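Colleague: Here it is, the structure, as C-alpha cells.
The values are calculated or read from the model by the stated rules, or taken from the named source; none is laboratory data. Predicted, not measured: the structure shown is a model, and the values here were computed from it. In this analysis, Cβ positions are derived from the backbone assuming ideal geometry, glycine residues included, and neighbour counts consider all displayed protein chains. Each accessible area value is taken on the protein alone, full model and side chains, heavy atoms only, with ligands, DNA and RNA left out. Shrake-Rupley method; radii C 1.70, N 1.55, O 1.52, S 1.80 Å.
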Amino acid sequence: QVQLVESGGGLVQPGGSLRLSCAASGSIFGIDAMGWYRQAPGKQRELVARVTISGSTNYVDSVKGRFTISRDSAKKTVYLQMNSLNPEDTAVYYCNLAIRLRLMDQPDDYWGQGTQVTVSS
C-alpha cells in the first residue's frame, strides 16, 4: 500500500518562505512525474508546479520566480520551496505523484493528504 505524507505547511507573513515536503512509502517500483497542486476556498484545484522523471519543471505563471520544485528520487520525496509568499498563495497544497507499483505498470496518480499554507500578517 502506498502512502504519501506531506509536511511543512503553516502560517507565514507576507514576504516569508516555507518549504513543503511530500514523501512516498510502500512497495513502489518507480515514480514518474511529481507535482504540487493547491486549492483555495471557493476555487478549483490548480497545478502549481511539476517535475518530470528527467528533471524538467513547469510552473503556473503566478509562482514563477518565487517557487522551486525539486525531487529526490532515491528518497521518493518531492519538495516545494516557496519564497516571497503573498496572501494569494493561501490554500491547501496537495502533492501528486505518478507511481508505478511494478515495472510494466502504467503510472497511477496518488495524492497527499493536503497541508494548509496561510499567508497573513
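Colleague: Considering only segment 91-109, state which residues are crowded, with 18+ Cβ neighbours inside 10 Å and over 13 Å from the mean Cα position of the chain (by Cα).
Modeller: Within segment 91-109, just ILE99 meets the criteria.
Colleague: Any residue in segment 104-121 that is over 13 Å from ASP32 (Cα atoms) and among the hydroxyl-bearing types (Ser, Thr, Tyr) sitting within a Cβ distance under 7 Å of a residue that is open to solvent by 90 Å² or more (accessible area, probe 1.4 Å) and assigned to a strand (DSSP E or B)? List the pairs, counting only those 6 or more apart or interchain.
Modeller: THR118/LEU11; SER120/LEU11
Colleague: Continuing with the same structure: Looking at VAL60, VAL51, which is the one that is under 19 Å from SER84 (Cα atoms), surrounded by 12 or more Cβ atoms within 10 Å (Cβ to Cβ) and either without any contact (Cβ under 8 Å) to a residue 60 or more places away in the chain or in contact with a His (Cβ under 7 Å, 6 or more places away or on another chain) (or both)? Show your work before the answer.
Modeller: Numbers: VAL51 fails: under 19 Å from SER84 (Cα atoms).
Residue meeting the stated conditions: VAL60.
Colleague: Another question, if that's okay. Looking at ILE31, is it closer than 25 Å to GLN1 by Cβ, at pLDDT 95 or above, open to solvent by less than 70 Å² (accessible area, probe 1.4 Å) and not basic (Lys, Arg)?
Modeller: Yes; evaluated as a whole, the condition is true for this residue.
Colleague: If you don't mind, another one. Can you find a residue in segment 46-53 that is in a strand (DSSP E or B) and under 19 Å from VAL12 (Cα atoms)?
Modeller: yes
Colleague: Name the single residue that is farthest from GLY16 (Cα to Cα) among those in segment 76-90 being under 16 Å from the mean Cα position of the chain (by Cα) and not in a strand (DSSP E or B).
Modeller: Going through segment 76-90, the residues under 16 Å from the mean Cα position of the chain (by Cα) turn out to be 76-83, 85, 89-90.
Add one more test, that the residue is not in a strand (DSSP E or B), and what stays is 76, 83, 85, 89-90.
Values: LYS76: 27, ASN83: 6, LEU85: 5, ASP89: 11, THR90: 12 Å.
Among them, the one singled out is LYS76.
Colleague: Could you list, in sequence order, the residues of segment 33-48 that are of a type in the set (Gly, Ala, Ser) and in contact (Cβ under 8 Å) with a residue 12 or more places away in the chain?
Modeller: Within segment 33-48, ALA33, GLY35, ALA40 qualify.
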